[in-house]
Structures are given as C-alpha cells and as structure tokens.
Amino acid sequence: MRDQFKAKLAERLEHPRIPSAKLHGHPDRYKIKLRGVGYRLVYEVRDAEVIVLVVAVGRRERDAVYLAEMKR
C-alpha cells in the first residue's frame, strides 16, 4: 500500500491539482484513492512554497480519513 501511495504522489507532484480529486469545502486539499484496499490519502497543495503536504491516510469507512483531515 505504501508503494502504491508513493507512486501516486510522484504523479501528483507534476500536476497536483486534479479537479476530480478536490475535497469539497477545502480550497487546497485533494485525495488519492486506492480503491482495491479502501484507503484514502488526503494532501494539501501549497503553491507559494511548492509543497505537497500529506494531511491524513486511512480507510474511508465512516469517513474516518476525512474527519481526521478536518482536524488538521
């Protein structure tokens, strides 16, 4: 799973702002889904600093990963 996220993040470094992956209500946060295992990674794009910051990783069950990212 870690390697899958690593590969997806490497792709997103080139084009981090994917409209279909945007989180509602958060202007600079996006998600990466690993559908086969049910995990999500939420990341934040900071253009001024050229940073892609991983905010949360977890299962989608009961929106746990999204609730965790909202606390950060």
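Would you confirm, using the coordinates I've provided, whether Glu11 is at pLDDT 85 or above and surrounded by fewer than 15 Cβ atoms within 10 Å (Cβ to Cβ)? Yes: the conditions hold for Glu11.
Take the residues in the stretch 36-72 that are surrounded by 11 or more Cβ atoms within 10 Å (Cβ to Cβ) and in a loop (DSSP other than H, G, I, E, B); name whichever of them is modelled with the highest pLDDT.
Filtering the stretch 36-72 for residues that are surrounded by 11 or more Cβ atoms within 10 Å (Cβ to Cβ) and in a loop (DSSP other than H, G, I, E, B), the one modelled with the highest pLDDT comes out as Gly38.
The values are calculated or read from the model by the stated rules, or taken from the named source; none is laboratory data. Since the structure is predicted, the reported quantities are computational estimates derived from the model, not experimental observations. Quick reminder, even Gly has a Cβ in these numbers, built from the backbone with ideal geometry, and neighbours come from all protein chains shown.
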